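> There's a structure below that I have some questions on.
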Amino acid sequence: MTLLRRAVAVLLALLAAIAIAAAVWWARVLPATEGRLEVAGLAGEVIIERDAAGIPTIRGANLDAVLFGLGFAHAQDRLWQLETHRRIGSGRLSEAFGPAALDNDRFLRALGVRRAAAAQWAQTRGEARAAVLAYTAGINAFIADHLRARPPEFLILGLQAEPWTPEDSMAWGIMMAWDLGGNWTNELLRMRLARSLPVARIDQLLPPYPGEQPLPVRDYAALYRELRLAPDLGQRALLDAPESGVDGVGSNNWVLAGTHTVSGKPLLANDPHLKLTAPALWYFARLEAPGLKVGGATMPGLPMVVLGQNERIAWGFTNTGPDVQDVYLEQEKPGDATRYRTPDGWAEFESFSETIRVRGAADVTLKVRATRHGPVISDAGTAVVAGLTGDAVPPATKGSPSGAPTFALAMRWTALDADAGSIEAGLAMSSATTVNAFIKRAERYKAPMQNMVVADVEGNIGFIAAGRVPLRHRDNDLHGLVPAPGWEARYDWVGFLDPGLTPRELNPPRGWIATANQRIHSADYPHYIGSEWAAPYRQQRIEALLAARPKHDKESLGAIQNDVLSLAAQRLLPHVLRASPSHALGAAAMQRLAVFDGQMRAGDAAPLIFAAWAREMTRAVFADEMGGEEMYLRQVGRSDFRAGLEGVLERDDAWWCDDKATLAPESCSELVSRSLDRALEELQRRMGPDLARWQWGAVHQARAEHRPFSRVQSLAPWFELRAATGGDNYTVNVARYHLKGDEPYLNEHAASLRAIYDLGDPARSGVMHSSGQSGLVAAPDYRNYVESWQAGRDLPLWAGGERRLVLQGRPAAK
């Protein structure tokens, strides 16, 4: 017993020591939010006052001082997020996460994000350069002197925080543009589909915007046969396309003139829909200096208020969805992979050597190239390159037909241009004092192209689609829809649209402006911006709700932001109502669907039944024609092919509904019933046999992903954030699900931020994002916004501080 008692005593003492050490460590990890700190790199002092919600008001003598304070606050609260942003933009995830991240790093090195960031920083001048330097100094002042203990992610992974650089900010700006300005995956999808489908069928799978005809294009299926492309080129490229983590799937904004508001002053609403992360992509802050008072959503890594309000204006963005990426087929010279074909003969590739450090494995050396169009993305060295180029590809994977030319894939993209940095424009817009001034300053903005709405205290409202738009040759008969022969000059860009000619509007007679990623110009607009707009369901619903009452207030706009009526569900509903299911739960399911009105409420069963049927129906119709389950499931994460499905069912298109893998022909009506049976079988496995217990929100949970611990089963419940949600991909309150994997209805893209700005009474302006201000997992501010975000509540944008921290510049050493 004595030995046992001693062992227990030792164990208890050890546990007590661990608990004490953990408590001491945690007390040191938490940032100082009160008192006075001496900091290097600051002249004078900066005051950071945090309110009860953790939102800081940062005051200083000038813009540089407050941006130093913003960098310091970002580092205090979001140091691990800054670390992941830096590693993504630099292609250095493998260093921290190991071989699982290697394909992403290879692709981003081949894309040349860091090289482009360095070129953009070299061209940054004036106020923008000073702003980035001040912000960088603030981050580094915290890391160097006031990081008393590493946050848990650094500790678990054995990493040290590295100094931030200006190039890191530029690189994160490029990554923000990656998915927001990208159609390259659709280009590759069309190229792959052209192996087995004629262009007319591809246009049915990926139909044009409602009311429009497909763009008249060259028969690219015949073109690719003539070129004898590797048969799986498009497939392999798509399977390895990495995500930046910021997949833009839509956003809403609208602004009302005083003639349509209760107060008689403008109201502006904005909710960007982005990938949900833990912590959130956004960080609220207020910046104040002589001549400056601006508050709203900042983004760790960037030195500005991206979306918000100052003393005179408020503004909000949605993604325009322009075609600002073109992929080119570059033909290598036979026997000489250092040269490629151009309109003027053979030219030499520009080449670079990249070394990728990989945690737990040997370093990887990567040779990457660039052409006159841009980086050769097929040099990534993953399966993207298979069948194209290079001895790095195992011979068994080389897919080019014998004797056929060898091609590489190069990308032309506006966001990689050396003069594409948008920090100068962002700073200028946030300090504008009138709608006209904002629109004029927005013309400096390059990428990613955004639909910007703005209002001022004088009662003006306006809109501009701001960003760099490429001009294409008149005889370009591919229109950027598919990869083009890089040696034909007619597919080159010939310049950029005059920024004064992009779509815009000022004080329209109807008294409001709204955008929801729909086509943002009239059919007679003379310039080509793009053709792959979002389906107009959200826009139509917003317009209907704005017209439903003569005067709006903040509460009615909040109700619109939280609306979960799916016009897309209403459109497909008549087809499923004609089903004749044979499943034991079929009759009960049909009763639920019979009273379903398209409201995608979290607590209802009907939205779940409908969503599961639509999932099965889409797969049944398209998977065989798309090359099988693997390719379908990979691509369905980027598009749910709803427009294609609508067309098939409304035409009763037996060609698509027939399963090409079976001998007997299938009709669309057969697939409707069979898909409902399969959906009910799946839901019964997930939810049990009692429909009264089925709820959409039970499986349609919003998940805010934590990098990298959402992928670690034992850590995910601690680090990621979840909440039951209603809505779908087409509701104003977007809640996008991906239709694949073990959790096919998981909502990972939603309103990352909601804001309503009152130009008559700023005290009533409200904001909310999807996590909390802190990135420290055990801090109360890590998840304290989740419940309010789920319920559609907000926080005051303008509030007083409770905790006061003074940063005092350290005197220079003598």
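The values are calculated or read from the model by the stated rules, or taken from the named source; none is laboratory data. It should be emphasised that the depicted structure is a prediction, and the values quoted were computed from it without experimental measurement. Ideal geometry is used to build each Cβ from the backbone, glycine not excepted, and the neighbour counts take in all protein chains shown. The accessibility values were calculated without ligands, DNA or RNA, using every heavy atom of the protein model including side chains. Shrake-Rupley method; radii C 1.70, N 1.55, O 1.52, S 1.80 Å.
> For the chain, what is the mean residue ellipticity at 222 nm derived from helices alone (per DSSP H run of n ≥ 4: -39500 (n - 2.57); sum divided by total residues; nearest 500 deg cm²/dmol)?
That comes out to -10500 deg cm²/dmol.
> Too long at a 21 Å Cα-Cα cut-off: which of 265/446; 275/740; 440/554; 293/551?
Beyond 21 Å: 265/446; 440/554; 293/551.
> Which Rg and Dmax, in Å, describe the Cα atoms of region 42-96?
14.1, 41
> Points 7 angstrom from Cα along the Cβ direction at residue 129 and residue 160: gap in nanometres?
3.1 nm
> For region 40-98 and region 306-322, what is the separation of their Cα centres, given in Å?
What the calculation gives is 22 Å, centre to centre.
> Highest first, please rank the peptides 758-764, 358-364, 783-789, 67-73 by the mean number of other Cβ atoms sitting within 10 Å of their residues. Can you show the working numbers first?
On the way: 758-764: 17.0, 358-364: 12.7, 783-789: 19.0, 67-73: 29.1.
The densest-packed peptide leads the list: 67-73, 783-789, 758-764, 358-364.
> Quick one: what Rg and Dmax do you get for region 1-127 from the alpha carbons, in Å?
Values for region 1-127 (Cα only, Rg and Dmax): 22.7, 77 Å.
> Related question: In region 711-814, what percent of the accessible surface is made up of carbon and sulfur (1.4 Å probe, ligands and nucleic acids excluded)?
With neighbouring chains kept in place, the figure for region 711-814 is 51 percent.
> To continue, here is another question. What value does region 48-204 have for Rg/Rh, both radii from Cα atoms and Rh as Kirkwood defines it? If you can, show how the numbers build up before the last one.
Details: Rg = 19.9 Å, Rh = 18.1 Å.
So for region 48-204, dividing Rg by the Kirkwood Rh gives 1.10.
> Can you pull a Stokes-Einstein diffusion coefficient for region 189-228 at 37 °C (0.692 mPa s), Rh from Kirkwood over Cα pairs, as a whole number of µm²/s? Intermediate values should be presented prior to the final figure.
Numbers: Rh = 10.7 Å.
Rounded, D is 308 µm²/s.
> Nearest 20 debye, what's the magnitude of the dipole of the chain about its Cα centre given +1 on Lys and Arg Cβ and -1 on Asp and Glu Cβ?
Charge dipole, the chain, about its Cα centre: 1560 debye, nearest 20.
> In addition: Which value does Rg/Rh take for region 606-689 over its C-alpha atoms, Rh per Kirkwood?
On the way: Rg = 12.8 Å, Rh = 13.2 Å.
Reported Rg/Rh (Cα atoms, Kirkwood Rh): 0.96.
> Take every Cα-Cα distance within region 157-221, group them into 10 Å bins from 0 onward, and report for each bin the whole-number percent of pairs it holds.
In order of increasing distance, the bins hold 16, 31, 20, 15, 13, 5 percent.
> Residue 722: accessible area at probe 1.4 Å, nearest 10 Å²?
90 Å²
> Here's another thing I want to ask about it. Protein chains only, probe 1.4 Å: how do 97, 407 rank by accessible area, largest first?
The most accessible residue leads, giving 97, 407.
> Would you mind working out the accessible area per residue for the chain, using a 1.4 Å probe, and quoting it in Å²?
Values: 30570 Å² over 814 residues.
Roughly 38 Å² per residue, with all protein chains present.
> In whole angstrom, how far apart do the alpha carbon centroids of region 157-181 and region 667-692 sit?
The distance from the Cα centre of region 157-181 to that of region 667-692 comes to 44 Å.
> Using DSSP to call loops (not H, G, I, E or B), can you name the trypsin sites (Lys or Arg not before Pro) in region 541-606 whose Cβ has at most 13 other Cβ atoms within 10 angstrom?
Sparse-neighbourhood loop trypsin sites (Lys or Arg not before Pro): 551, 578.
> Any idea what diffusion coefficient region 758-814 gets from Stokes-Einstein, in µm²/s, Kirkwood Rh on alpha carbon pairs, 10 °C, 1.306 mPa s?
112 µm²/s
> For residue 144 and residue 351, what is the calculated FRET efficiency with R₀ set at 45 Å and r taken between the beta-carbons, to the nearest 0.05?
About 0.75, to the nearest 0.05.
> Taking R0 as 35 Å, what's the FRET efficiency between residue 311 and residue 808 from their Cβ-Cβ distance, rounded to 0.05?
FRET efficiency, residue 311 to residue 808: 0.80.
> In Å, what is the Rg of the alpha-carbon atoms in region 551-682, and how long is Dmax?
Expressed in Å, the Cα Rg and Dmax of region 551-682 come to 16.4, 60.
> Would you list 79, 3 from the most to the least accessible area, probe 1.4 Å?
Putting 79, 3 in descending order of accessible area: 3, 79.
> So, one more: How many percent of all Cα-Cα pairs in the chain sit more than 43 Å apart?
30 percent
> Using a Förster distance of 25 Å, how high is the FRET efficiency between residue 118 and residue 40, based on the Cβ-Cβ distance and rounded to 0.05?
Here the calculated transfer efficiency is 0.50.
> What percentages, rounded to whole numbers, describe P(r) for region 478-565 computed over all alpha carbon pairs with 10 Å bin width beginning at zero?
12, 33, 27, 17, 9, 2
> Then there's this: Ignoring ligands and nucleic acids, what accessible area does residue 150 show with a 1.4 Å probe (Å², nearest 10)?
60 Å²
> Rounded to a whole number of µm²/s, how large is the Stokes-Einstein D of region 661-708 at 10 °C and 1.306 mPa s, given Rh as the Kirkwood radius over C-alpha pairs? Could you put the intermediate results ahead of the total?
Details: Rh = 13.7 Å.
For these conditions, the coefficient is 116 µm²/s.
> Rounded if a/c is under 1.5, else prolate if a/b is larger than b/c, else oblate: which is region 676-778, with a ≥ b ≥ c the root eigenvalues of its Cα gyration tensor?
Oblate.
> Let me ask something additional. For region 290-386, what ratio Rg/Rh do Cα atoms give with a Kirkwood hydrodynamic radius?
1.21
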